[in-house]
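Novice: Just dropping this structure here.
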Amino acid sequence: MAQHGQRVAVLGAGIMGAGIAQLAATHGHEVHLRDIADEVLNRARATIEHSLERLVRKDRLAQGDVAPTLARLTFTTDLRATVQAADVIVEAVPEVLSLKQQVLAEAVDLAPGHALIGTNTSQLSITSIGAALGDASERLVGTHFFNPPVLMRLCELVRGLRTSTETLERARAFADSLDRTVVVCEKDSPGFITSRAYAMLRLECLRMLEEGVASAEDIDTAMKLGFNLPMGPLELGDMNGLDTYLHAIEGLADAYGERFRPTVGLRNMVAAGQLGRKAGAGFYDYDEDGQRR
């Protein structure tokens, strides 16, 4: 049964955190978005406002829904104020195990004992993240949203070794309230369902590019039109950040071996600072507004 009007705490106001916060506020939840830096929060606020305007222009959101959505959003650096009355906590900090453990442990100490705890990760072990939470690990579940969260309809739930059945069902109900389709990864294995499969596709596209089989644009076009993908694997890498992708693929290589070994070209691009759209250059070049040249 879908749950509406809950108090949702989102920890981390980067691309994913801001998107999850916007999604929850749009669907009627009261949202506190927390980060440690005011400049990150200001950027998140601007990003959300711009996204809402774009959704209105594309007739995906009514103009009259913009102000109420923004009114349901609170931007803050105060962790206690963010989580002290939360029904749902969604952590969306960078994909670093120790950082996720630290942030969630601090939040759990301040949050109500009934709060559902979600971690937005595309590959880190839910069981390992929960190891820092003691008995609260039973309330922890992987809540893998996809970029951009306001448009991508999938939510991949991941069950850790200690995740209770009640927690999994509460997470499903929360995702239902956001009008998201749920798939469940029952085994806490690196990469889960989606990241593991898609990483192999992206790697093969990288290898074809480095071998000179085709241009980046033609590879992306072939993947989009041939397999009905909304975005090509290489342009998606640019959007998410090639440093993020390298970090993820290294984790899969540690778990599964040689088949996920990053290419030399990817390592060189990251070393050279060609990280994609945020750096102005990756597989494609971008202007100061992040638009592809």
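All of the numbers you see were taken from the coordinates with simple rules; none came from a lab. Not measured: the values here are computed from a predicted model. As a convention, Cβ positions derive from the backbone with ideal geometry for all residues, glycine included, and neighbour counts pool all protein chains shown.
Novice: How much net charge surrounds Arg7 when only the other residues with a Cβ under 15 Å from the Cβ of Arg7 are counted, with Lys and Arg +1 and Asp and Glu -1?
Specialist: Neighbourhood net charge equals +1.
Novice: In addition: So how do 23-30, 225-232, 266-273 stack up, highest first, on mean other-Cβ count within 10 Å?
Specialist: For the peptides 23-30, 225-232, 266-273, the packing ranking is 23-30, 266-273, 225-232.
Novice: Oh, and also: Regarding region 195-279, what is the average projected area of its C-alpha convex hull, in nm²?
Specialist: 5.3 nm²
Novice: Once the piece of chain linking Thr221 and Asp135 is laid out straight, how much longer is it, given 0.36 nm per residue of separation minus the C-alpha distance between them?
Specialist: Once the chain is fully extended between Thr221 and Asp135, it gains 26.1 nm.
Novice: Order 201-207, 61-67, 185-191, 245-251 from most to least packed using the mean count of other Cβ atoms within 10 Å.
Specialist: 245-251, 201-207, 185-191, 61-67
Novice: List, in the order given, every pair from Lys58/Lys224; Lys58/Lys187; Lys100/Lys187; Lys100/Lys278 whose Cα-Cα distance in the structure shown is over 27 Å.
Specialist: Violating the 27 Å Cα-Cα cut-off are Lys58/Lys187.
Novice: Write down the radius of gyration of the chain and its Dmax, each obtained from C-alpha positions, in Å.
Specialist: 19.0, 56
Novice: Still on this structure, please answer the following. Using the beta-carbon distance between Arg60 and His247 and R0 = 45 Å, what value does 1/(1 + (r/R0)^6) give for FRET efficiency, to the nearest 0.05?
Specialist: 0.90
Novice: Counting Lys and Arg as +1 and Asp and Glu as -1, each charge on the Cβ, what is the dipole of the chain about the Cα centre in debye, to the nearest 20?
Specialist: It comes to approximately 380 debye.
Novice: Here's another thing I want to ask about it. Provide the per-residue ³J(HN,Hα) series for region 217-230, in order, calculated from phi with Karplus coefficients 6.51, -1.76, 1.60 and θ = phi - 60°, each as a whole number of Hz, with x at glycine and proline positions.
Specialist: Coupling constants for region 217-230: 5, 6, 5, 4, 4, 4, 5, 5, 7, x, 10, 6, 7, x Hz.
Novice: To continue, here is another question. At Leu97 and Glu204, where each label point lies 7 Å from the Cα along Cα→Cβ, what is the point-to-point distance in nanometres?
Specialist: Computed distance between label sites Leu97 and Glu204 equals 3.0 nm.
Novice: Quick one: Thr82, Thr76, fewest Cβ neighbours within 10 Å first, how do they rank?
Specialist: Least to most surrounded, the residues fall as Thr76, Thr82.
Novice: What FRET efficiency would be calculated for the residue pair His114, Leu229, taking the C-beta separation as r and a Förster radius of 30 Å, to the nearest 0.05?
Specialist: The formula returns an efficiency of 0.15 here.
Novice: Rank-order 37-45, 164-172, 210-218 by packing density, defined as the average count of other C-beta atoms within 10 Å over each peptide's residues, highest first.
Specialist: Result, highest mean first: 164-172, 37-45, 210-218.
Novice: If you count the DSSP beta bridges with both ends in the chain, what percent of them are antiparallel, to the nearest 5?
Specialist: 20 percent
Novice: Give the relative contact order (percent, whole number) for the chain; include only Cα pairs under 8 Å separated by 6+ residues.
Specialist: That works out to 13 percent.
Novice: Between the alpha-carbon centers of region 149-205 and region 275-293, tell me the distance in whole angstrom.
Specialist: Using only Cα atoms, the two centres lie 29 Å from each other.
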